[in-house]
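Novice: Mind looking over this structure? Questions follow.
The values are calculated or read from the model by the stated rules, or taken from the named source; none is laboratory data. Owing to the predicted nature of the structure, the values given are computational and were not obtained by experimental measurement. Here Cβ is always computed from backbone atoms with ideal geometry, including for glycine, and neighbour counts include all displayed protein chains.
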């Protein structure tokens, strides 16, 4: 679409709702890119907190009940989407989640609109019908994989023509995540909010409270560390998982590290949060499809330790731009944390600067946007 407007093509992105996750962020970023490139950006979703963000980005959200997995509603949504496609002159339907993707695929079949998907996750397939349910994400005329890990998974599970797959990594805005632009006042605000002590080593795990995010592994590692002063800060919403929070709190009490643990919930200033941390951990026990938190931390020139699977294998060059440890291995994580916290400042800076340079070279929002626009151009050609 850049330099090729095709009479202002209409692109319709489809997702369940406009909450606060990575799928939603990608939708917003592409809304901005489509609009800047001269296209018309539509979004179909059940609404949510980021409807106004879509509008500020130059797009328009069309409210449809796309957050339902009920088969009857999926078929009904297909009819509703077909009406939208016809009424708005939609050229490309870009589906980002499974239930809405079924509706979007059916609607595209009826209307002749081009259909593509972004395969955002390593979807669970522990039951036979799950494989069929997931398969819609591989039905696109082009399928965007958010990492090489996901591209390999698509080829293995769905057997589609590899020439239809485009690997487009998620991106970060290096102007927003810039260590040089975080003021002391922002750092002080975060430190006071989190009740952090001056000089205390800070280990941060960003991510919603969830069993597979590995908060329990970090708590166990905290108890195994030689450094007995470090404080672990769990940044992220519990999304109503109060029982799990109690379990994690009980674990910390049992291991004697409760005083060195903070549950701080959602943070509105992640660049400052990452700047204040001495080391940032991604401890996911299941492979992350990509792991945007890793590149955000690297963009902040932070020291990052992540589990050695999924997208982190691609974004972290071990012992140069961060460190990778065995998934679920608390002792290995504890040893890595002790090692990173013991590094002299100049060695920390070498790793942090290499990490930020890697992000700027490979994982920016602008690069993701342009590569996705190139896929749109392929379909419009």
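Novice: Could you run through region 49-61 and say how many residues are surrounded by 14 or more Cβ atoms within 10 Å (Cβ to Cβ) and either in contact with a helix residue (DSSP H, G or I) (Cβ under 6 Å, 6 or more places away or on another chain) or at pLDDT below 95 (or both)?
Specialist: Residues meeting the conditions: 7.
Novice: Another question, if that's okay. Run residue 195 past the list (1) under 23 Å from the mean Cα position of the chain (by Cα); (2) surrounded by fewer than 21 Cβ atoms within 10 Å (Cβ to Cβ); (3) outside any strand (DSSP E or B) and report the number of the one that doesn't hold.
Specialist: With (1) under 23 Å from the mean Cα position of the chain (by Cα); (2) surrounded by fewer than 21 Cβ atoms within 10 Å (Cβ to Cβ); (3) outside any strand (DSSP E or B) applied to residue 195, the lone miss is (1).
Novice: Starting from region 333-345, keep only residues that are surrounded by 15 or more Cβ atoms within 10 Å (Cβ to Cβ), then list their pairs with residues that are at pLDDT 95 or above and assigned to a helix (DSSP H, G or I) whose Cβ atoms are within a distance under 6 Å, requiring at least 6 positions of separation or different chains.
Specialist: Partner pairs satisfying both residue conditions: 333/221; 334/221; 334/224.
Novice: Would you pick out the residues in region 93-110 that are surrounded by fewer than 17 Cβ atoms within 10 Å (Cβ to Cβ) and touching a residue at least 24 places away in the same chain (Cβ under 8 Å)? It would help to see each step written out before you state the result.
Specialist: First pass over region 93-110, keeping only residues surrounded by fewer than 17 Cβ atoms within 10 Å (Cβ to Cβ): 109-110.
Of everything in region 93-110, just one residue is surrounded by fewer than 17 Cβ atoms within 10 Å (Cβ to Cβ) and touching a residue at least 24 places away in the same chain (Cβ under 8 Å), namely 110.
Novice: Related question: Have a look at 26, 121 and point out the one that is in a loop (DSSP other than H, G, I, E, B) and touching a residue at least 24 places away in the same chain (Cβ under 8 Å).
Specialist: Numbers: 26 fails: in a loop (DSSP other than H, G, I, E, B).
On inspection, the qualifying residue turns out to be 121.
Novice: Taking only region 62-92 into account, find how many residues are assigned to a strand (DSSP E or B) and either at pLDDT below 95 or surrounded by 15 or more Cβ atoms within 10 Å (Cβ to Cβ) (or both). Don't jump to the end; show me each part of the working.
Specialist: Kept after step one, since they are assigned to a strand (DSSP E or B), are these residues of region 62-92: 62-63, 90-92.
Subsequent filtering for residues that are either at pLDDT below 95 or surrounded by 15 or more Cβ atoms within 10 Å (Cβ to Cβ) (or both) retains 62, 90-92.
So the count comes out to 4.
Novice: For residues that are crowded, with 24+ Cβ neighbours inside 10 Å, in a helix (DSSP H, G or I) and touching a residue at least 40 places away in the same chain (Cβ under 8 Å), tally how many sit in region 298-323.
Specialist: Number of matching residues: 3.
Novice: Oh, and also: From the set of residues in region 200-224 that are assigned to a loop (DSSP other than H, G, I, E, B) and more than 20 Å from residue 121 (Cα to Cα), which is modelled with the highest pLDDT? Break it down stepwise before answering.
Specialist: The first filter runs over region 200-224 and keeps only residues assigned to a loop (DSSP other than H, G, I, E, B), leaving 200-201, 207-210, 214.
So of that shortlist, the ones also more than 20 Å from residue 121 (Cα to Cα) come out as 200-201.
Working: 200: 93, 201: 97.
Step by step, filter region 200-224, then rank; the result is 201.
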